[in-house]
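The values are calculated or read from the model by the stated rules, or taken from the named source; none is laboratory data. Just so we're clear, the structure is a prediction, and the values are computed from it rather than from any experiment. With ideal geometry, Cβ positions are generated from the backbone for all residues, glycine too; neighbour counts draw on all protein chains shown.
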């Protein structure tokens, strides 16, 4: 699986959000870092084939996604978890994840096995019959992660996936993502320690433009001791922001 974006531009109405973004994503975990409004969610929605690009091209596993017909050809390979995902509060956790398997084209004979597997991974096996509306925020977020990975899609897109998770659950999330072999994972996050722990690569967005695209060690090496931050990686991130945003 390879995802290729060439000079992709995106926006809403007259608002320009992504400006001629280019990147090639291979199996592994890539973080999207950037302040609120940087374009992270818009980029994820575009790669998820929800929004066709205004300009430029996207190829997912060799298929150019240019209209609804071509998007349908690749969607069964895409697991996408928005930051604020919708659900029917009356559905059980198992039904919620089974619905994702159905939407992704997973054969019906595999539903029970695949759903049980991912609910075990996210520590919700004993909650499979609970209603989604009765779950705590952290449990609901873990159900969303199960939704995104059931059936083992080859492209997984996660928007702030660790919001609402306690420290133990975040460690568990890192273990889950690390086990997704041969999968392109693109996740938006504000948590630098998650990036340091599980990501192979970092893309820093600001104003819809990629300010950095490279390995975690290469980004870390850009840190300056005179900038705010508790780690070299945090200081490197601050280094890429405009000077007026570097002040706390």
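Observations, loosely collected:
- The C-beta contact set for the stretch 16-35 (first residue on the phi > 0 side of the Ramachandran plot and at pLDDT below 95, second residue outside any strand (DSSP E or B) and surrounded by 15 or more Cβ atoms within 10 Å (Cβ to Cβ), distance under 6 angstrom, 6+ apart or interchain) comprises 34/40.
- Count of residues meeting criterion [closer than 14 Å to residue 216 by Cα, part of a helix (DSSP H, G or I) and in contact with a strand residue (DSSP E or B) (Cβ under 7 Å, 6 or more places away or on another chain)] in the stretch 159-200: 2
- Taken together, 193, 218 contain a single residue that is without any contact (Cβ under 8 Å) to a residue 40 or more places away in the chain and under 28 Å from residue 10 (Cβ atoms), which is 218.
- Yes/no for residue 32 being part of a strand (DSSP E or B), crowded, with 16+ Cβ neighbours inside 10 Å and touching a strand residue (DSSP E or B) at 6+ places or on another chain (Cβ under 6 Å): yes
- Any hit, the stretch 37-46, residues being under 20 Å from residue 153 (Cα atoms), touching a helix residue (DSSP H, G or I) at 6+ places or on another chain (Cβ under 6 Å) and at pLDDT 95 or above: no
- Within the stretch 73-85, considering residues that are farther than 18 Å from residue 138 by Cβ and not in a helix (DSSP H, G or I), the one nearest to the chain's Cα centre (by Cα): 80
- The stretch 58-72, residues that are within 17 Å of residue 18 (Cβ to Cβ) and over 20 Å from the mean Cα position of the chain (by Cα): 66
- Taking first residues from the stretch 61-83 that are at positive phi and partners that are modelled with pLDDT under 95, the Cβ contacts under 8 Å between residues at least 6 apart in sequence or on separate chains come to 61/1.
- Hey, residue 154 surrounded by fewer than 19 Cβ atoms within 10 Å (Cβ to Cβ), touching a helix residue (DSSP H, G or I) at 6+ places or on another chain (Cβ under 6 Å) and within 17 Å of residue 30 (Cβ to Cβ) or not: no
- Among the candidates 214, 229, residue that is surrounded by fewer than 19 Cβ atoms within 10 Å (Cβ to Cβ) and in a strand (DSSP E or B): 214
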